[in-house]
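Peer 1: Starting off with a structure, shown below.
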Amino acid sequence: MSSGYKTIKFELRGKVAWVILNRPEVRNAFNSEMISELSSLFAEINERDDIRVVVLTGEGKAFCAGADLKWMGDVLNYSYEENLEDSKNLAEMFYHINNCPFPIIARVNGAAIGGGCGLVAVCDMVIASDKAQFSLSEVKLGLVPACISPYVIRRMGDKNAREYFLTGERIGIEKALAAGLVNEAVAEDKLDAAVDRRVKQLLSSGPKALAWCKQLLKNVPSMPEKEAGEYTAEVIAKLRMGDEGQEGMKAFFEKRKPNWYEE
Ligand code: COA
C-alpha cells in the first residue's frame, strides 16, 4: 500500500480501511493532488484481499467542501484540453470509488458541498452528523455537478436531483434524509458508535456476497428484463456452488457461525 499521501490518510484498523480526507484547513476541499491520491488509493484498495469494509470520512470540522476554490483560480486560465484532462481525473477517481468491491460507509462528520456530495453519493451507506449540511452549489458558480451526476442522480432519484441541482439549496439533515442522500443521522458524539454498528453488520456477511451485491446494484438497473433474468440466475447459481455460499448454508444447518464471521 502506498504511503506518504499528503492530502489523505489511510489506516487499516483490523479489516476496516479508513480513508480520511486530510486538508482540514480548507475543509477537505479537492485539489488535483487530492483527486489523484484518492484515485490511486482506491485503485489499490480495490485489489486487496485483507480488507472487508471501507470507511470514508473527513478530518476536522467538515466532510468535504467540494472543489478547492483557490485551486479553481488556476483553472480560470486552463485551455479546453487542460480542463478536459483535469475533469477526466475527477471522473476516474469516482470510477475507482464506485468500483470498490467492499462496502463503503461515508462517515459524514460535517458539511458535504458540491463534489463532497458526490463523494457521499458514491458510498454504499451514509451515516451523518445531525449538524451536517449538504449542497449541490455548483450552479452558484456558473458550473454544474457534472462528473458526480451519475452517482448523485442514482442516489437521490430524478425528483430530488432536479430540485437540488437546479436550486443549489443548502440543506440540513432532515432534507438530506428525505432526499435519500443520507441513511442515518446521529448526534456528532454518536457517529463512531453508529459506524461501528454498521461495520459489525457488514463483517457478519459473506465478503464475496457483499461484492456481488454491489455488482447487482451496479449492473441490473440498466439491463433489459430478459438479460437481467439470465444474468441474475447465473450469478446466484455460481454463488450457491461457491465456497462462500456452501459454507454459509452449511453453517446455518450446523447451527454455527460461518468462517468469515467476525465479532
Ligand atoms: N475551497 C477552498 N477553500 C475553502 C473551501 C473550498 N471549497 N471551503 C472552505 N474553504 C476555506 C475557507 O476559505 C476558509 O479559509 P481561511 O481560513 O483561509 O479563511 C477555511 O476553509 C474555513 O472556512 P469556513 O467557511 O470558515 O469554515 P466553516 O467550518 O464555517 O464552514 C463550509 C465550512 C464547508 C460549510 C464552508 O466553508 C463553505 O460553504 N465552503 C464553500 C463550499 C463551496 O462552495 N464549494 C464549492 C462547491 S462547487
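Each value in this text was obtained by applying a stated rule to the coordinates, not by laboratory testing. Nothing here was measured: the structure is a model prediction, and the numbers come from that model. Note that we place each Cβ from the backbone using ideal geometry, even for glycine, and neighbour counts take in every protein chain shown.
Peer 1: For the range 7-42, how many residues are among the charged types (D, E, K, R) and either in contact with a Gly (Cβ under 8 Å, 6 or more places away or on another chain) or closer than 19 Å to Met72 by Cα (or both)?
Peer 2: The number of residues fulfilling the criteria is 5.
Peer 1: Does the range 102-140 hold any residues that are in contact with a strand residue (DSSP E or B) (Cβ under 7 Å, 6 or more places away or on another chain), farther than 18 Å from Pro24 by Cα and touching a residue at least 60 places away in the same chain (Cβ under 8 Å), and which are they?
Peer 2: Phe102, Pro103, Ile105, Cys123, Asp124, Met125, Ile127, Ser137, listed by residue number.
Peer 1: Also, I was wondering about something else. I'm checking my understanding of the structure. Among residues of the range 78-103 that are hydrophobic (A, V, I, L, M, F, W, C) and assigned to a helix (DSSP H, G or I), which one is farthest from Met34 (Cα to Cα)?
Peer 2: Leu84
Condition check ((1) in contact with a helix residue (DSSP H, G or I) (Cβ under 7 Å, 6 or more places away or on another chain); (2) assigned to a strand (DSSP E or B)) across all residues:
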| position | (1), (2) |
| --- | --- |
| Ile105 | yes, yes |
| Gly116 | no, no |
| Ala132 | yes, no |
| Val152 | yes, no |
| Gly157 | no, no |
| Ala185 | yes, yes |
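Peer 1: Within the range 1-21, can one find any residue that is part of a helix (DSSP H, G or I) and either out of contact with any Phe, Trp or Tyr (no Cβ under 7 Å at 6 or more places or on another chain) or under 28 Å from Ser135 (Cβ atoms) (or both)?
Peer 2: The answer is no, given that none of the residues of the range 1-21 is part of a helix (DSSP H, G or I) and either out of contact with any Phe, Trp or Tyr (no Cβ under 7 Å at 6 or more places or on another chain) or under 28 Å from Ser135 (Cβ atoms) (or both).
Peer 1: Search the range 60-77 for residues being exposed (fewer than 13 other Cβ atoms within 10 Å of the Cβ) and assigned to a loop (DSSP other than H, G, I, E, B), and hand back the single one that is farthest from the ligand (Cβ to nearest atom).
Peer 2: Looking at residues that are exposed (fewer than 13 other Cβ atoms within 10 Å of the Cβ) and assigned to a loop (DSSP other than H, G, I, E, B), I get Asn77.
Peer 1: Being touching a helix residue (DSSP H, G or I) at 6+ places or on another chain (Cβ under 8 Å), part of a helix (DSSP H, G or I), within 15 Å of the ligand (Cβ to nearest atom) and hydrophobic (A, V, I, L, M, F, W, C) is the filter here, so list the residues in the range 161-182 that pass it.
Peer 2: Within the range 161-182, Phe165, Leu166 meet the criteria.
Peer 1: Would it be correct to say that Val199 is in a helix (DSSP H, G or I), within 16 Å of the chain's Cα centre (by Cα) and not charged (D, E, K, R)?
Peer 2: Yes; evaluated as a whole, the condition is true for this residue.
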